[in-house]
1. In nm, to one decimal, how far is the residue 264 label point from the residue 94 one, both placed 7 Å along Cα→Cβ?
2. Among the lysines, which fall within straight-line cross-link reach of residue 208, defined as a Cα-Cα distance under 18 Å, with same-chain neighbours fewer than 8 residues apart omitted?
3. Testing the spin-label approximation: label points 7 Å from Cα along Cα→Cβ at residue 236 and residue 165. State their distance in nm.
4. Quick one: grab Rg to one decimal and Dmax as a whole number for the chain, Cα atoms only, in Å.
5. Residue 41: which lysines have alpha carbons under 29 Å from its alpha carbon, excluding same-chain residues fewer than 8 sequence positions away?
6. Mind jotting down the three principal axis lengths of the range 146-254 based on Cα atoms? Whole angstrom, largest first.
7. Just from its helices, what would the mean residue ellipticity at 222 nm be for the chain, if runs of 4 or more DSSP H residues each count -39500 (n - 2.57) and the sum is divided by every residue, rounded to the nearest 500 deg cm²/dmol?
8. I'm a student and want to see the number: the projected area of the Cα convex hull of the range 18-133, averaged over all directions, in nm².
Amino acid sequence: MRYGAMNFPIKPILKEIEEIAELGFDYIELTMDLPEASPKKILVQKKSILSLLNRYRLGITGHLPTFVLTSDLYDSLRQASVQENLEAIEVAAELDIQKLVLHPGYITGLGKFVLDTAKGYGLKSIETILKKANGLGMTLCIENMFPQANFLTHPHEFHDFFESFPEIRLALDIGHANLGQDRNKAIEFIHRYGHRIGHIHANDNFGKEDNHLPIGAGLIDFERIIKALKQTPYDETLTVEVFSKDRDYLRISKEKIKKMWETL
């Protein structure tokens, strides 16, 4: 398993790369969001980014823009959101990123009253984004969402989705899988789609909010989940998605997950 960390996009990207590398991670998951890590800002710093990655021998994966509206009822907002993703994919190609994580579009506002329509828009957006990624030789991983997103949250929702998009893999977010029910859905995701997992996000919470707590600071039974994962063929990338102000907690979380993986 290779262990990575995600940049916090309110901080300068070069500084984030240095800190993540010095904490001993294998790669950075570059999330391409404003204010400091938009595709345009990344492209301007391309030479410096590649130099740092080479200096630290740090790998890189990508996370497409998070706070966009690819399922929105308004054509203009939806199209602009898709365009942000397409531009991010082009920039990812400039950095030779091979694996990208995509959030399915949040369904908000009146979209919650016409879910089938909004989900249809969201699926069409994913199809466009996937076509772009495929054309550049990248693997696209779709992330299971938290309940408030109203789209691709529960394991059963992914069956028809994977039938429609056989090239897409699952980005299993263990924290998201713990929200909105009295049990963590990660085990069910693993049992159903272990062969489709292409990436993992690990963070903790108490089942109410997507807190991105350090591993062990919430209620998630990571040992049980890691045991289930080890019954699958998966052994690729795991991003510790912890955003504590004190980054010792990020390092400690990585060490805890790594120890579980190696000893369980």
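Only the coordinates and a few stated rules stand behind these numbers; no lab work does. The structure displayed is predicted, hence computed values, not measured ones. Ideal geometry is used to build each Cβ from the backbone, glycine not excepted, and the neighbour counts take in all protein chains shown.
1. With each label point 7 Å from Cα toward Cβ, the separation is 4.0 nm.
2. Residue 208 reaches 185.
3. Roughly 1.4 nm, to one decimal.
4. Computed over the Cα atoms of the chain, radius of gyration and Dmax are 17.5, 51 Å.
5. Partners within reach: 11, 15, 99, 124, 131, 132, 245, 254.
6. Its Cα atoms span 42, 30, 21 Å along the three principal axes.
7. Roughly -12500 deg cm²/dmol at 222 nm, from the helical runs in the chain.
8. Projected over every direction and averaged, the Cα hull of the range 18-133 covers 7.6 nm².
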